[in-house]
1. Go through region 32-63 residue by residue and tally those that are in contact with a strand residue (DSSP E or B) (Cβ under 7 Å, 6 or more places away or on another chain) and under 15 Å from residue 95 (Cβ atoms).
2. Please work out if residue 145 is at pLDDT 95 or above and either of a type in the set (Lys, Arg) or touching a Ser or Thr at 6+ places or on another chain (Cβ under 6 Å) (or both).
3. I'd like to verify a number: residues in region 286-302 that are charged (D, E, K, R) and either in contact (Cβ under 8 Å) with a residue 60 or more places away in the chain or touching a strand residue (DSSP E or B) at 6+ places or on another chain (Cβ under 8 Å) (or both), how many?
4. Residue by residue through region 124-152, note down the ones that are aromatic (Phe, Trp, Tyr) and either loosely packed, with under 12 Cβ neighbours inside 10 Å or over 20 Å from residue 114 (Cβ atoms) (or both).
5. State yes or no: is residue 16 assigned to a loop (DSSP other than H, G, I, E, B), touching a strand residue (DSSP E or B) at 6+ places or on another chain (Cβ under 9 Å) and not acidic (Asp, Glu)?
6. I'm checking my understanding of the structure. Among residues of region 191-222 that are among the acidic types (Asp, Glu) and modelled with pLDDT under 90, which one is nearest to residue 300 (Cα to Cα)?
7. With region 71-168 as the region, which strands (runs of 3 or more DSSP E) entirely inside it contain at least 1 residues that are touching a residue at least 24 places away in the same chain (Cβ under 8 Å), under 17 Å from residue 28 (Cβ atoms) and of a type in the set (Phe, Trp, Tyr)?
8. If you go through region 97-122 one residue at a time, how many are under 24 Å from residue 54 (Cβ atoms) and surrounded by 15 or more Cβ atoms within 10 Å (Cβ to Cβ)?
Amino acid sequence: MRVKIWGVRGSIPCPGPHTVKYGGNTVCLEVRFPETDRLVIIDAGSGIRELGNFLMANDRTRGPINTEIYLTHTHWDHIMGFPFFIPAYLPDTRLRIHGPVSYEEDSLESIVGGQMTYRYFPVRQTELAADISYHDLKEGRRDLGDGIVLTTKYLNHPVLCLGYRFEHGGKVFCTAYDTEPFRNLFITDPSHPAYDEAMAAEGDLVAQEQNRLVEEFFAGADLLIHDSQYTEAEYRASKLGWGHSSFEGAIAAASRAGVKKLLLFHHEPVRTDAEFDRLAETYGRKDGPEVIVAREGMEISL
């Protein structure tokens, strides 16, 4: 497998002089399987625009574009680039779009394509020329053919969100974003009038179990791309429940799970290149997995 990063940010694109080195586009990954010439795209943030341009200049010269897009979830920063993905406008392109849906009345097609109405965009979804199909995903394990096995795992985010584990040729590549550690949501203070001892104990058990299952999901991965939008101090101060992890938390989880290489990802939009340089210096020296702060254009071969 060969993984290339086209977008690294969470929440909103943040171009400018202070984000040149690490990048300002929202999340988009390219996964290549060179032995079978197969391409998988993970998320369609604003970074997918540049990926589409690259495909037009390179892949398109060898024939029609035939690819799969796996969405971790449908928050706007993860789908906002789709209307600008040029291959979707070509009649010989084939796209299979997969992802989780939180509300039964809204299909994946209506959520992703709903951006393309005249209220928001000058081109409607029905005007896209490509052969596009939509496929709902849940937790599970599936054979994608060509020796590729995909396992999906629900993560902890305010909307239904999936982590992806690709296995091919004896190598494992995982994503775990947008997510934060599961925690007990019941009242745990015995002095609180609504405290219930049994519920508090059950809440602890459920949180511990879910955190264990997430770490089992990416255990032994050759490459894990993990949410690290905040530092631990930022997370504890005001970000609990926002659905994102800290640098320290991601590194600790990857270490416990025996991950070989950890790519810190889904960057806070206000964080500058200079800040990331300092964070990379601080966290890159930890024991355990090799720790790298993700940058746009970065490629990793497994």
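The values are calculated or read from the model by the stated rules, or taken from the named source; none is laboratory data. None of these values were measured; they are calculated from a predicted model. Cβ coordinates were reconstructed from backbone atoms using ideal geometry, including for glycine residues, and neighbour counts include every protein chain displayed.
1. Going through region 32-63, the residues in contact with a strand residue (DSSP E or B) (Cβ under 7 Å, 6 or more places away or on another chain) turn out to be 32-34, 39-48, 50-51.
Checking the rest, the ones that are also under 15 Å from residue 95 (Cβ atoms) come to 39-44, 48, 51.
Number satisfying all stated conditions: 8.
2. On the way: at pLDDT 95 or above: yes; either of a type in the set (Lys, Arg) or touching a Ser or Thr at 6+ places or on another chain (Cβ under 6 Å) (or both): no.
No.
3. As a first pass, look at region 286-302 and keep what is charged (D, E, K, R): 286-287, 290, 295-296, 299.
Filter once more, keeping what is either in contact (Cβ under 8 Å) with a residue 60 or more places away in the chain or touching a strand residue (DSSP E or B) at 6+ places or on another chain (Cβ under 8 Å) (or both): 290, 295-296, 299.
Matching residues across region 286-302 total 4.
4. Here is the first cut: in region 124-152, the ones aromatic (Phe, Trp, Tyr) are 134.
Passing the criteria: none in range.
5. Values: assigned to a loop (DSSP other than H, G, I, E, B): yes; touching a strand residue (DSSP E or B) at 6+ places or on another chain (Cβ under 9 Å): no; not acidic (Asp, Glu): yes.
No.
6. Going residue by residue through region 191-222, those that are among the acidic types (Asp, Glu) are 196-197, 202, 204, 209, 215-216, 222.
Those still in the list that are modelled with pLDDT under 90 too: 196-197, 202, 204.
Numbers: 196: 49, 197: 48, 202: 41, 204: 37 Å.
Only one residue tops the list, namely 204.
7. Working: elements: 94-99, 131-136, 140-145, 148-154, 162-168.
Here the list reads 162-168.
8. 7
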